[in-house]
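Taking it in order: structure first as structure tokens, then the write-up.
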Amino acid sequence: MKLTKELLNNLIEITSNSAIACFPYIGKNEKILADKAATDVMREQLNNLNIKGKVVIGEGELDEAPMLYIGEKLGRGNGPEIDIAVDPVEGTNFVAKNLPGSMSVLAVAEKGKLLNAPETYMEKIATGSHIPKGCIDIDFTVEKNINIYSDITNKKKSEITVCILNRPRHSKIISELKRLNVNIKLITDGDVSGALLVSNKKYNVDIFMGIGGGPEGVIVAAALDSLNCNFQGRFLFKTETDIKRAKDMGIKDLNKKYEINEIVRGESFFCATGITSGELMNGVIKEENNYITETIFTYNKSDLNVVKKIISLT
């Protein structure tokens, strides 16, 4: 079974409508209501597709409704079997506080082709397609990765920019980057959008690194794979519950370092619609009786594509 352009167009429509559902909550400090609104729309519209879909990357477990939970079956059950990764609102705090960079995200692959990721942390590193595969590695020191990147690109360290979540757990990495005189782009949330910044030189981000969500790592890997970029990840387990959940998902080697082709096997689609405007795309705009949305998507190993939609209130 091949993923079709019709399916991609359906996904773009769904993330657009999910983003619009958040519009009334932008800047209202109601991140839970915003997430629920987007989730309800995404679930309803995925269930209307002629697919046999299963959520392999979701927002919670079975008892955490109304979230789209891991293992949830979606679609009418009379079409292609696909794995689905969802994040109805990536950056709920951005929506609540009317900050840039929130978006509604979907990624799909053929059944069995997306890594099932537990809701735990993941150590990650990502670079653009101009870096040969296998050169940058999460097992290397920060200094070694920076030196390798500098040698490959002929960039001075002072010209290299690293994007990383602004978290206490990253204090040592940030200190090391400062010692090396590397530019640092700190982000408060949204490590899917942060990692995507390595995909094009126009975003002026050379490397994304650090620890973020495991499910988000799988989602962004689907996008970066389509863009021929580089990504590595390793799950980090803090509790016995995390370990049990991982083993239940079929993860046997808890210390395994995953290459991008082990996270996403074969063709995948990724699309994300802006809720609030950010570096990747514009957010939802309301003009009279219409909403205007902007969506980025990956298709057939090309650059990030952008589509604008005008959706009537009626």
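The values are calculated or read from the model by the stated rules, or taken from the named source; none is laboratory data. Remember, it's a predicted structure, so these values are computed and weren't measured experimentally. FYI the Cβ positions are ideal-geometry reconstructions off the backbone, even for glycines, and counts take in every protein chain you see.
Restricting the search to strands (runs of 3 or more DSSP E) fully inside region 137-226 and requiring at least 2 residues that are in the same structural domain as ILE251 (by TED's automatic domain parsing) and either among the aromatic types (Phe, Trp, Tyr) or without any contact (Cβ under 8 Å) to a residue 40 or more places away in the chain (or both) gives 183-187.
None of ILE51, ILE125 is in the same structural domain as ASP206 (by TED's automatic domain parsing), touching a residue at least 24 places away in the same chain (Cβ under 8 Å) and more than 19 Å from THR295 (Cα to Cα) except ILE125.
Counting just the residues of region 92-116 that are assigned to a loop (DSSP other than H, G, I, E, B) and closer than 15 Å to GLY214 by Cα, which one comes out modelled with the lowest pLDDT? Break it down stepwise before answering.
Restricting attention to region 92-116, the residues satisfying the condition of being assigned to a loop (DSSP other than H, G, I, E, B) are 98-102, 111-113, 115-116.
Filter again for closer than 15 Å to GLY214 by Cα, leaving 115-116.
Numbers: LEU115: 89, ASN116: 84.
So the residue we want is ASN116.
So that you can scan it fast, the table gives a plain yes or no per residue for (1) surrounded by fewer than 24 Cβ atoms within 10 Å (Cβ to Cβ); (2) under 15 Å from the mean Cα position of the chain (by Cα); (3) farther than 27 Å from GLU267 by Cβ:
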{"position": "ASN47", "(1), (2), (3)": "yes, no, no"}
{"position": "TYR69", "(1), (2), (3)": "yes, no, no"}
{"position": "GLY75", "(1), (2), (3)": "yes, no, no"}
{"position": "VAL95", "(1), (2), (3)": "no, no, yes"}
{"position": "ASN98", "(1), (2), (3)": "yes, no, yes"}
{"position": "MET103", "(1), (2), (3)": "no, yes, no"}
{"position": "ALA107", "(1), (2), (3)": "no, yes, no"}
{"position": "ALA117", "(1), (2), (3)": "no, yes, no"}
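For GLY79, the requirement of being assigned to a loop (DSSP other than H, G, I, E, B), small (Gly, Ala, Ser) and buried (at least 23 other Cβ atoms within 10 Å of the Cβ) is not met. Does THR4 fit the bill of being hydroxyl-bearing (Ser, Thr, Tyr) and more than 19 Å from the chain's Cα centre (by Cα)? Yes; evaluated as a whole, the condition is true for this residue.
Could you tell me whether GLU119 is in a loop (DSSP other than H, G, I, E, B) and either of a type outside the set (A, V, I, L, M) or modelled with pLDDT under 95 (or both)? Lay out the reasoning, then the answer.
On the way: in a loop (DSSP other than H, G, I, E, B): yes; either of a type outside the set (A, V, I, L, M) or modelled with pLDDT under 95 (or both): yes.
Yes, satisfied.
What about SER158, is it closer than 23 Å to LYS201 by Cβ, surrounded by fewer than 17 Cβ atoms within 10 Å (Cβ to Cβ) and small (Gly, Ala, Ser)? Yes, satisfied.
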